[in-house]
Structure formats: structure tokens, C-alpha cells
Amino acid sequence: MRPRVAIFAAALAAALAATPLAAQTPPFFFWLTPQTKPPAPAASPMPAPKPTAPAPEPTSTQAAKPPPWVETPAPEPPPPYEPQLLRLAEIIGALSYLRDLCGAGDGATFRAEFANLMDTEGTTPTRKETLAGAFNRGLRDYELTYRACTPAAREIVARFLDEAARIAKDVAARWAG
């Protein structure tokens, strides 16, 4: 019996070595998938590549990127009151929406105050984006939550007015020059 097993194993090894690997490994669910390969698509002529125009030269209004070997200055670190400033921007965004929603009509005043804050504290484009993101986050969060003025919205407005006054007072007292 042993010589037959050895002969069978040798014959199987020779057969497997002679066939390509794709033919040796059936798909996982070989009883569900067809064993024939789909026909290859007919070769179609490739269209000739279109000539491209040369890249325009950067103008004086476009900022040219410095070469990679030129060191760029490190970004300016945020001020120590950055978390309070971002929270204040969120609160101003929420108040600009909620005050208009509840009929106070002074949402434009809060947007003007935020524009003033952006002019004062937005020293770099990154800082302006961060502040604007905080304002928009505050506005959108409450815009999604409140569609009509409710007692809860009025309570939030009162709390946000108190918190905004406290943050502004703390930042001015601690870091104003």
C-alpha cells in the first residue's frame, strides 16, 4: 500500500508543478461560481494623447512656493488664551443664530462683533480659519438643533450671554496690555 501512496503523491506533485497556479486554486465557493473565465474585451485602438499646453508662469499675484531646501519660518504659536478665544467664537456664533431665532433681531450685531474679533486676533490665515471654524461650529450646531424659539433656547441664550461676558472679562483682565 505504501508504494501506491508514494507513486500517487509523486504523480500529483508533477501534475501540480506542470499547471499554472491560477488553475490549481479554485475560488472559495467553487460550486457557486462558473469555472470559465469571461472573454477578454476586444482590443480597441487607443486615442492619440492630446497635446497639453505648458503650465502658465506664476504671476505676481500668485504666491510662489519656495524651493524645498529653503527653510520656512516656524508657525507662530497660538496665544495662551486661545482656548477661551475659540470658546468665545463658538458662543458668538450660537448667539448670532439663537438671538435672531428668538426675535431679538440683533444677530447682525454678534456677527459684527465676531468680525471685529477676527480683525483683532486673526493675525495669520490659519488663525482666521480656526476662529471662523469655531464661529461656524457654534452657529451650525444650534441651527441643526433649534428650528423654533423654545424656552430651552431662551435659557441657552441667557447662559451664553453670561459665559461670553465672563470669558471676555477674564481674557481682558489677564492678558490685556
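The values are calculated or read from the model by the stated rules, or taken from the named source; none is laboratory data. Worth saying up front: this structure is predicted, and the values here are computed from it rather than measured. For neighbour counting, all protein chains shown are included, and Cβ atoms are generated from backbone atoms with ideal geometry for every residue, glycine included.
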Would you mention how many residues in the range 90-107 are buried (at least 23 other Cβ atoms within 10 Å of the Cβ) and not in a helix (DSSP H, G or I)? 0
Determine which single condition ARG147 fails, assuming it passes every other condition in (1) at pLDDT below 95; (2) under 19 Å from PRO83 (Cβ atoms). (2)
Name the one entry in ALA134, ALA173 that is more than 28 Å from the chain's Cα centre (by Cα) and among the aliphatic types (A, V, I, L, M). ALA173
Which one of GLY103, GLY122 is on the phi > 0 side of the Ramachandran plot and not basic (Lys, Arg)? GLY103
